[in-house]
1. Might you work out the accessible area of residue 316 for me, using a 1.4 Å probe with all protein chains in place, and round it to the nearest 10 Å²?
2. With every protein chain in place, what's the accessible area of residue 450 (1.4 Å probe, Å², nearest 10)?
3. Which order do 170, 98 take when ranked by solvent-accessible area (1.4 Å probe, heavy atoms of all protein chains), largest first?
4. Mind grabbing the accessible area of residue 127 for me, 1.4 Å probe, Å², rounded to tens?
5. Which FRET efficiency value, to the nearest 0.05, do you get for residue 85 and residue 253 by plugging their Cβ-Cβ distance into 1/(1 + (r/R0)^6) with R0 = 41 Å?
6. Could you calculate the contour length gain from residue 359 to residue 177, that is, 0.36 nm times the residue separation minus the distance between their Cα atoms, to one decimal place in nm?
7. Just tell me which lysines come within less than 18 Å, Cα to Cα, of residue 221; anything on the same chain fewer than 8 places away is out.
8. Can you figure out the FRET efficiency of residue 314 with residue 107, using R₀ = 60 Å and their beta-carbon distance, to the nearest 0.05?
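The values are calculated or read from the model by the stated rules, or taken from the named source; none is laboratory data. Please read these numbers as outputs of a predicted model, since none were measured by experiment. Neighbour counts are summed over all protein chains in view; Cβ atoms, including those assigned to glycine, are modelled from backbone coordinates with ideal geometry. Calculation scope for accessible area: heavy atoms of the full protein, side chains included, ligands and nucleic acids excluded. Shrake-Rupley method; radii C 1.70, N 1.55, O 1.52, S 1.80 Å.
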Amino acid sequence: MGCGASSAGDGGDGGGHRPVPSEFATLDIGVPPFSPKAVAEAAPGGVDETAGSGGGGGKFGPAFSFKTVKSKSSVKAVVTVRPILGHEKGAHEVVQVMPPDKLQLPKKPDGSGVEDKYGFTFDRVLRADNPTAQNEIFSLCIPVVERFCQGFNASVLAYGQTGSGKTYTMGMTCGEKEFMADKPKGVVPNTIRLLFTYLKKASEAYEITVKVQYVEIYNEKLTDLLTPAGEQRGDSGFGGPPAKGRALDIREKQNGEIVIDGAMDVQVLNQREIASILDRGNANRRTGAHKQNAVSSRSHAIMAISLEQRAKAAHHKHLPTDLRYLASRLYLVDLAGSERVKDSGSEGNRLKEGITINKGLLELGNVINALAQGKKRSHVPYRNSKLTRLLANSLGGNSETLFIACVSPTNAAHDPTLNTLRYAARARAIHNQLVPNNKLSADEELEYLRNLVMNLQTEVGDLKSRLAAASTRV
């Protein structure tokens with residue numbers, strides 16, 4: 001499903017920045033080097049394109065400290081219930097939404113089971129067709145963006161049955177026009193907008209580098225969605241035509257961080273360039289039709305955004321040592337939906353794809369179950385699939401994580417909905433350990449100090465020249 005938008009914008013100065021809506025102006029994003037109060041005061045009606053000068057309330061200051069961040073962070077879970085769709089003739093709703101955080105299902109349609117009803121509590125429960133749904137979902141994404149900007153890893157995952165609205169909720173298929181709209185819909189475009197609002201301010205104190213990877217896991221093969229057309233990676237896995245993309249590996253660094261090895265790492269400067277990357281990658285992503293979904297995602301799509309912030313020479317002495325270098329990674333994940341053959345009517349390659357999707361999601365469920373046991377667990381089977389290995393930081397690792405469960409309200413989807421809710425409830429019991437990524441290797445530290453000294457020497461030389469020029473005029 002696509003991402004809708006009411007109108008399009010042109011990016012203002014051509015750099016892709018857009019004014020932040022007024023509802024963002026008072027958000028407590030609290031990212032270094034600006035305090036939440038400074039961000040709110042920067043422009044009462046919204047952060048303006050020219051707010052990067054730090055005027056008004058945006059003055060530089062050591063407002064943030066890692067000491068204020070709790071090292072243990074539970075996975076947050078939000079449930080969105082989509083409306084009944086036009087093709088679901090004769091269906092009726094069985095999901096009872098009890099805002100703001102409760103949801104209930106009746107007993108199973110066939111009368112089996114020992115419970116008359118199944119009750120759940122999450123961080124938020126909402127109907128996807130509610131006019132405030134987009135803002136409510138994004139309000140839970142704000143802490144994720146905040147931690148990402150503060151130098152912690154972060155993740156947003158969308159999980160659910162096929163046709164439950166995951167891609168729509170994430171906004172992964174937004175075209176560039178929709179992505180740059182005044183009021184885009186979806187987690188991804190709104191997250192990117194808030195990110196670049198922060199970067200506009202942080203660039204006063206930091207040299208900033210943002211890079212993007214966009215990959216998919218299809219038939220248990222991790223491939224690059226950004227590989228130029230014409231490059232082939234071989235057989236698609238089921239005897240079909242060769243598919244575009246570059247075969248990749250998943251590698252664990254010495255510090256335990258999981259990274260995608262071999263994927264194109266595209267440096268970006270603004271929102272529009274990320275929108276272009278999405279367009280480019282989505283043209284290569286696998287989709288297919290079956291009875292439940294005319295445009296069903298046949299792969300798990302992962303956008304990985306890396307952010308590196310290095311203190312500028314002029315601000316180096318003003319920043320605490322642990323804030324002079326920050327490196328973090330944000331995963332935005334649109335999972336392929338689970339499906340039952342009797343409902344989807346899949347055959348041939350489509351059936352084989354569905355089996356592989358279900359297998360990967362089963363392994364994800366096994367990881368969630370193991371992590372939910374806390375200290376009682378003996379083993380977490382991260383290595384049983386590409387998906388679980390790639391999400392090892394997101395679930396049980398070093399990450400601020402939001403788990404979005406998308407469900408259908410219909411009686412026919414009772415069992416898949418119940419399974420999704422159970423997974424989401426268990427995910428909410430997972431505790432991640434937040435560790436700031438602010439350490440350079442010995443070689444990186446040496447290179448950083450050399451560059452810092454060179455920059456300071458340049459500044460001293462410039463000051464001497466100006467003083468000499470001033471003295472000749474006296």
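1. 30 Å²
2. In the full protein context, residue 450 sits at about 130 Å².
3. Values: 170 0, 98 65 Å².
If we order 170, 98 from most to least accessible, we get 98, 170.
4. 80 Å²
5. Details: r = 44 Å, r/R0 = 1.06.
Here the calculated transfer efficiency is 0.40.
6. On the way: separation 182, 0.36 × 182 = 65.52 nm, distance 3.58 nm.
Taking residue 359 through residue 177 to full extension adds about 61.9 nm, to one decimal.
7. Within the straight-line cut-off, residue 221 pairs with 244, 352, 359, 386.
8. On the way: r = 66 Å, r/R0 = 1.10.
The pair residue 314/residue 107 has a calculated efficiency of 0.35.
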